[in-house]
1. Output yes when any residue across the range 19-38 is at pLDDT 65 or above and surrounded by fewer than 16 Cβ atoms within 10 Å (Cβ to Cβ), and no when none is.
2. What residue, of 118, 91, is surrounded by 12 or more Cβ atoms within 10 Å (Cβ to Cβ) and on the phi < 0 side of the Ramachandran plot?
3. Any idea which of 82, 72, 47 is over 26 Å from residue 163 (Cβ atoms) and either crowded, with 18+ Cβ neighbours inside 10 Å or modelled with pLDDT of 90 or more (or both)?
4. Would you say residue 197 is buried (at least 18 other Cβ atoms within 10 Å of the Cβ), under 21 Å from residue 127 (Cα atoms) and out of contact with any strand residue (DSSP E or B) (no Cβ under 8 Å at 6 or more places or on another chain)?
5. With the requirement that a residue be surrounded by 14 or more Cβ atoms within 10 Å (Cβ to Cβ) and over 30 Å from residue 192 (Cβ atoms), what does the range 128-140 give you?
6. With under 22 Å from residue 68 (Cα atoms) and either in a helix (DSSP H, G or I) or touching a helix residue (DSSP H, G or I) at 6+ places or on another chain (Cβ under 9 Å) (or both) as the only criterion, which of 140, 120 stands out?
7. Within the group 175, 160, which residue is surrounded by 16 or more Cβ atoms within 10 Å (Cβ to Cβ) and either closer than 19 Å to residue 61 by Cα or out of contact with any strand residue (DSSP E or B) (no Cβ under 6 Å at 6 or more places or on another chain) (or both)?
8. Among the numbered criteria (1) at pLDDT below 90; (2) assigned to a helix (DSSP H, G or I); (3) more than 15 Å from residue 65 (Cβ to Cβ), which one does residue 177 miss?
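The values are calculated or read from the model by the stated rules, or taken from the named source; none is laboratory data. From a predicted model like this one, the values you see are computed outputs, not experimental measurements. Don't worry about glycine lacking a Cβ; one is built from the backbone with ideal geometry, like all the others, and counts go over all protein chains shown.
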């Protein structure tokens, strides 16, 4: 039997090589895709960890203004701000938060109430996720739950950024409005806007924390 096939050996080798070549392409692509997905997820997570740290501090500053620095809130952000070691790290603020946690909650809130000044605004900034923005199309290779969570975080950040110029406008108007009632309305709207930003910042902090835990399983 083998002797009969011997004249066809060159053709069989060519066919075998052609078939292996066809199989090699999807196998190589599959391996490349797996490593690409891993690298992409890691890069996106690292950028989100920086955002999580920033949003934790944003929520802290707004809560401090409203004298709403509860033990529960501090316990939720302390592991995040202590763990972060990126370029935006602010060790002094982290040390201050750790010292605040050592105080009884009622004393801490009383101290913030004593210095509360509704006439002072908060320096607000808009934030971006440049790497995610550049790689948004490639996010399709990641698992759907990962995509969904990342895109929701990006959506929350967009809403956060949209509120920043609006709140700055309200604050600027407090210097020009002379009617006491109208001025108080502006201040009330501004305070509610700050609280909404804090809630949105905390939503992003929690979403990123959930993403961190699920992605390391």
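1. First pass over the range 19-38, keeping only residues at pLDDT 65 or above: 36-38.
Within this subset, residues satisfying the condition of being surrounded by fewer than 16 Cβ atoms within 10 Å (Cβ to Cβ) are 36, 38.
The answer is yes, given that some residue of the range 19-38 is at pLDDT 65 or above and surrounded by fewer than 16 Cβ atoms within 10 Å (Cβ to Cβ).
2. 118
3. Details: 72 fails: over 26 Å from residue 163 (Cβ atoms); 47 fails: over 26 Å from residue 163 (Cβ atoms).
It is 82.
4. Values: buried (at least 18 other Cβ atoms within 10 Å of the Cβ): yes; under 21 Å from residue 127 (Cα atoms): yes; out of contact with any strand residue (DSSP E or B) (no Cβ under 8 Å at 6 or more places or on another chain): yes.
Here the answer is yes, as residue 197 does meet what is asked.
5. Result: 131, 135, 136, 139.
6. Details: 140 fails: under 22 Å from residue 68 (Cα atoms).
Selected residue: 120, the only one of 140, 120 that is under 22 Å from residue 68 (Cα atoms) and either in a helix (DSSP H, G or I) or touching a helix residue (DSSP H, G or I) at 6+ places or on another chain (Cβ under 9 Å) (or both).
7. Details: 175 fails: surrounded by 16 or more Cβ atoms within 10 Å (Cβ to Cβ).
160 is the lone residue from the list that is surrounded by 16 or more Cβ atoms within 10 Å (Cβ to Cβ) and either closer than 19 Å to residue 61 by Cα or out of contact with any strand residue (DSSP E or B) (no Cβ under 6 Å at 6 or more places or on another chain) (or both).
8. So residue 177 meets the others, but not (2).
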